[in-house]
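Some notes on the structure that comes next.
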Amino acid sequence: MNHLLFDFLESHANLYEGKDAIDPELYDTYKVKRGLRDKNGNGVVAGLTTISTIEAFDMKDGEKIPCDGRLYYRGYDVRELVSGAVREKRFGFEEAAYLLLFGCLPDQRELKQFCDVLGSMRTLPTNFVRDVIMKAPSKDIMNSLMKSILTLASYDDRVNDLSEANVLRQCLMLISEVPMMAVYGYHAYNHYEREESMYIHRPSPELSTAENILMMLRPDKKYTVLEAKVLDVALMLHMEHGGGNNSTFTTHVVTSSGSDTYSVMAAALASLKGPKHGGANIKVMEMMSDLKHNVKDTKDEDEIRVYLEKLVDKQAFDRKGLIYGMGHAVYSLSDPRAVVFKSFVESLAKEKDRMDDYQLYSTIERLAPEVIADKRKIYKGVSANVDFYSGFVYSMLDIPVELYTPIFAMARVVGWSAHRMEELVNADKIIRPAYKSVAGRKPYQPMTKRQERELGGGNYHKIEEK
């Protein structure tokens, strides 16, 4: 960094903290929901959808009563979709993808045709891996994915065609290719930055999405049936979660502007990668590593409780006051995805000889809500969310941490696709929210009358009530 730039940044960066800071009380004064949600978790209703439904409360005598969370894909309980696939001994990701995209459960013929179509599209343009993915590899695979997806637009001579058939083609292509681009992006980083061996395994059209991910990732291409089934369940649980989550709302916003599919998906990826959204499972893993470093006996519940109390009191880990993997913006008593996932986590932990870790996770899941309730004023229930267990599962599947959030993206691209189609079909109106200005009025001063000031500091913006 040159000295001129360094001095400018040092003197000007703190202007934002002083000049842009807004008195938190003004949000209540003007009835503005910070993050578009109130303290009870109720969100601003920005649209209508038929794609998925989230339920965290029951209505009784006109009063909202917290209940165990429920998640529906096109009206079907996600728990039944998962249990049906497991019971019938087949992979469920492709079936759930068909349901989300087309609104109905496929029969055997429709499902086979859909799987064949996805299999036929698991291919990238000639030399794309060499010319795009292997150029300037990054540890941040989400950034690599965005670069790859935006570059794919250059290969599409119908990139701006917003007809339903063409957008569906683009979405199916990305559902098929995102796993390839993410895994290849990791291998490129692992080779060029870590100086490890390079593996570029071509996907098989006969395998499921979950099987292909594991096959492409591993040097020997091998995986167990249980490993593939658990990853398949993870993909099913992550593929859709209502229109109100950050990345899906981004999908609606960018689609509403008339933008192309590649730009929409890149924007959704940018939204998903943040640690408050798709990157949350990485924070869980980092927290657990810190816990093991600071707790001498991970079977001692009292010692674990003390550590959790330090987390909430901002005295441990990243000092943010959070127990990562606990709580959700919508759910109260339980996150149905975490409940479904937990049974499969236990089976995998037994196969991988990781039951001690599983018991530690279970203990934290039980103790954390008690600690949070003791330390914080909570407006609704606190329970484990799906991110609490997903990182643990990925570690047992020997998936590198750099791919944790991209795995989420491989699944969620289905939900984004369904919401993009829904926005194109129904809205035809740009989404343009409003912000209330709380800036005061100031008289303009000519250059010669402006006084030299010390940079930094400042006060909250307040409006004088008249």
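A few remarks follow.
- Taking the conditions (1) under 26 Å from the mean Cα position of the chain (by Cα); (2) under 19 Å from Leu231 (Cα atoms); (3) open to solvent by 50 Å² or more (accessible area, probe 1.4 Å) in turn, Lys350 satisfies each one other than (1).
- Qualifying positions in region 108-145 - over 22 Å from Glu211 (Cα atoms) and of a type in the set (Asp, Glu): Asp131, Asp140
- Any helices (runs of 4 or more DSSP H) falling wholly within region 205-292 and containing at least 1 residues that are under 20 Å from Glu351 (Cβ atoms): 209-217, 225-238
- Filter result for Tyr76 (under 16 Å from Val340 (Cβ atoms) and open to solvent by 60 Å² or more (accessible area, probe 1.4 Å)): yes
- Taken over region 202-216, the criterion of being within 21 Å of the chain's Cα centre (by Cα) and either open to solvent by 30 Å² or more (accessible area, probe 1.4 Å) or hydrophobic (A, V, I, L, M, F, W, C) (or both) is satisfied by Ala210, Ile213, Leu214.
- Selection of region 441-466 for residues being at pLDDT 85 or above and open to solvent by less than 100 Å² (accessible area, probe 1.4 Å) yields Gln445, Pro446.
- Every pair of residues 6+ apart whose Cβ atoms lie under 6 Å, when the first sits in region 108-130 and is without any contact (Cβ under 8 Å) to a residue 40 or more places away in the chain while the second is among the hydroxyl-bearing types (Ser, Thr, Tyr): Phe114/Tyr98; Pro125/Tyr155
- Of the candidates Ala434, Ala368, Ala409, the single residue that is more than 26 Å from Leu311 (Cα to Cα) and in contact (Cβ under 8 Å) with a residue 60 or more places away in the chain is Ala409.
- Residue match in region 302-314 (condition: open to solvent by 10 Å² or more (accessible area, probe 1.4 Å) and within 21 Å of the chain's Cα centre (by Cα)): no
- Total residues in region 37-72 satisfying the condition of being closer than 17 Å to Ala338 by Cβ and in a strand (DSSP E or B): the figure is 11.
- Within region 387-403, tally of residues that are modelled with pLDDT of 95 or more and closer than 18 Å to Ser247 by Cβ: 1
- Residue within region 21-38 that is open to solvent by 60 Å² or more (accessible area, probe 1.4 Å), farther than 30 Å from Lys429 by Cα and acidic (Asp, Glu) present: yes
- Subset of region 412-427 that is of a type outside the set (Asp, Glu) and surrounded by fewer than 22 Cβ atoms within 10 Å (Cβ to Cβ) - its residue that is modelled with the lowest pLDDT: Ala427
- Selection status of Ser395, surrounded by fewer than 24 Cβ atoms within 10 Å (Cβ to Cβ), among the polar types (S, T, N, Q) and closer than 30 Å to Thr224 by Cβ: yes
- Of residues in region 41-73 being open to solvent by 50 Å² or more (accessible area, probe 1.4 Å) and in contact with a Cys (Cβ under 9 Å, 6 or more places away or on another chain), the one nearest to Gly243 (Cα to Cα): Glu55
- Filter result for Val330 (surrounded by fewer than 22 Cβ atoms within 10 Å (Cβ to Cβ), touching a strand residue (DSSP E or B) at 6+ places or on another chain (Cβ under 6 Å) and touching a residue at least 24 places away in the same chain (Cβ under 8 Å)): yes
- Test: residue in region 253-275 that is over 20 Å from Leu174 (Cα atoms), free of Cβ contacts under 8 Å to residues at least 24 places away in the same chain and open to solvent by 10 Å² or more (accessible area, probe 1.4 Å): yes
- Single unsatisfied condition, Leu81 versus (1) farther than 30 Å from Ser148 by Cα; (2) at pLDDT 95 or above; (3) outside any helix (DSSP H, G or I); (4) not small (Gly, Ala, Ser): (3)
The values are calculated or read from the model by the stated rules, or taken from the named source; none is laboratory data. Treat the numbers as computed from the prediction; the structure is a model and nothing was measured. For neighbour counting, all protein chains shown are included, and Cβ atoms are generated from backbone atoms with ideal geometry for every residue, glycine included. Quick note on the areas: whole protein, heavy atoms, side chains included, nothing else; ligands and nucleic acids left out. Shrake-Rupley method; radii C 1.70, N 1.55, O 1.52, S 1.80 Å.
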